[in-house]
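Report on the following structure.
Just so it is clear, none of the values below were taken in a lab; they were calculated from the coordinates. All of these numbers come straight from a predicted model, not from anything done at the bench. With ideal geometry, Cβ positions are generated from the backbone for all residues, glycine too; neighbour counts draw on all protein chains shown.
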Amino acid sequence: MDGRARGNRSDRYDWRFVKYLRLVSALASCCLCAGLIAAEPEATPGEWKLISNKDGVALYRRQRPLSNESKAIGEIAAPAAVVHAVLNDVESYARFLPYTAECRVLKREGDSIVTYQRISAPLVSDRDYTLRIHSTSKTAEGGTSYSSRWETENALGPPEKSGVVRVKLCEGSWLLEPAGPNSTRATYMIYTDSGGVLPAFIKNTGSQIGIRKMFAAIRKQTQNPKYKGKG
């Protein structure tokens with residue numbers, strides 16, 4: 001095999017790798033916010049391990065049966081109430097969250113909402129899912145803490161579409177705790193699949209990129225004047 005042929009094959013591999021990273025990055029950054037159906041109870045998750053600490057986000061990972069679960073902790077320079085308002089502004093996700101092509105509220109019930117989301121990353125098929133997001137708040141040291149958690153509820157959303165891959169597993173949470181008058185300690189957890197078979201090292205790298213992008217987008221969005229007075 002000559003050098004040109006080897007180079008062409010290497011270029012094709014590198015391009016596929018970039019496509020995989022973009023897909024997993026998109027899913028990790030947009031699954032905000034699953035009903036995991038199994039024949040037997042799920043095994044106890046493994047221990048959390050620190051994977052990276054950069055861009056103001058400490059990222060941890062632990063093993064679970066179908067995929068790795070990720071946890072990210074970072075400070076956001078805004079009151080917890082403002083960060084909560086940003087996360088609660090589901091209808092605006094497509095305008096500020098990376099790769100979010102569509103996000104709409106289907107139903108509001110008490111402390112929960114049902115929302116449909118479609119993720120569009122470059123060069124790969126779109127992914128979609130319907131989530132039920134539950135939100136609560138309570139008095140905490142220094143103010144109010146906010147918690148939201150979600151799981152897939154695809155039966156409550158639109159039917160599957162041709163050309164769009166339906167994500168079956170997506171569960172996670174946000175915890176927002178006051179860390180000072182104008183600072184929030186945000187803890188994000190996500191357990192999801194990509195709606196397809198991807199090598200583990202690609203999924204893991206992509207999720208790190210996507211989660212850091214998500215934190216950056218939320219930090220920027222808290223400065224939007226529309227949330228002024230929420231803190």
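In what order do Trp150, Trp174 fall by count of nearby beta-carbon atoms within 10 Å, going from fewest to most? The partial results should precede the final answer.
Details: Trp150 25, Trp174 22.
Least crowded to most crowded, the residues run Trp174, Trp150.
Would you please classify the overall shape of the range 40-107 from the alpha carbon gyration tensor, given that a ≥ b ≥ c denote the square roots of the eigenvalues, rounded means a/c under 1.5, and beyond that prolate means a/b larger than b/c while oblate covers the rest?
Details: a/c = 2.30, a/b = 1.41, b/c = 1.63.
Since a/c reaches 1.5 but b/c is at least a/b, the shape of the range 40-107 is classed as oblate.
Ranked highest first by average number of other Cβ atoms within 10 Å, how do 127-133, 74-80, 111-117 line up?
Numbers: 127-133: 23.6, 74-80: 21.1, 111-117: 19.4.
Output ranking for 127-133, 74-80, 111-117: 127-133, 74-80, 111-117.
Could the peptides 140-149, 153-162 be put in order, highest first, of the mean number of other beta-carbon atoms found within 10 Å of their residues? Please list the in-between numbers first.
Values: 140-149: 16.5, 153-162: 13.0.
With the highest mean Cβ count within 10 Å placed first, the list reads 140-149, 153-162.
So which of Lys107/Lys213; Lys54/Lys220; Lys107/Lys168; Lys54/Lys107; Lys49/Lys107; Lys138/Lys230 end up more than 26 Å apart by C-alpha?
Working: Lys107/Lys213 28 Å; Lys54/Lys220 17 Å; Lys107/Lys168 20 Å; Lys54/Lys107 37 Å; Lys49/Lys107 37 Å; Lys138/Lys230 16 Å.
From the list (Lys107/Lys213; Lys54/Lys220; Lys107/Lys168; Lys54/Lys107; Lys49/Lys107; Lys138/Lys230), the Cα-Cα distance tops 26 Å for Lys107/Lys213; Lys54/Lys107; Lys49/Lys107.
For a test of the definition: using alpha carbon positions, the gyration tensor, and the 1.5 limit on a/c, classify the range 105-165 as rounded, prolate or oblate.
Working: a/c = 4.50, a/b = 2.06, b/c = 2.19.
Cα axes put the range 105-165 in the oblate bin.
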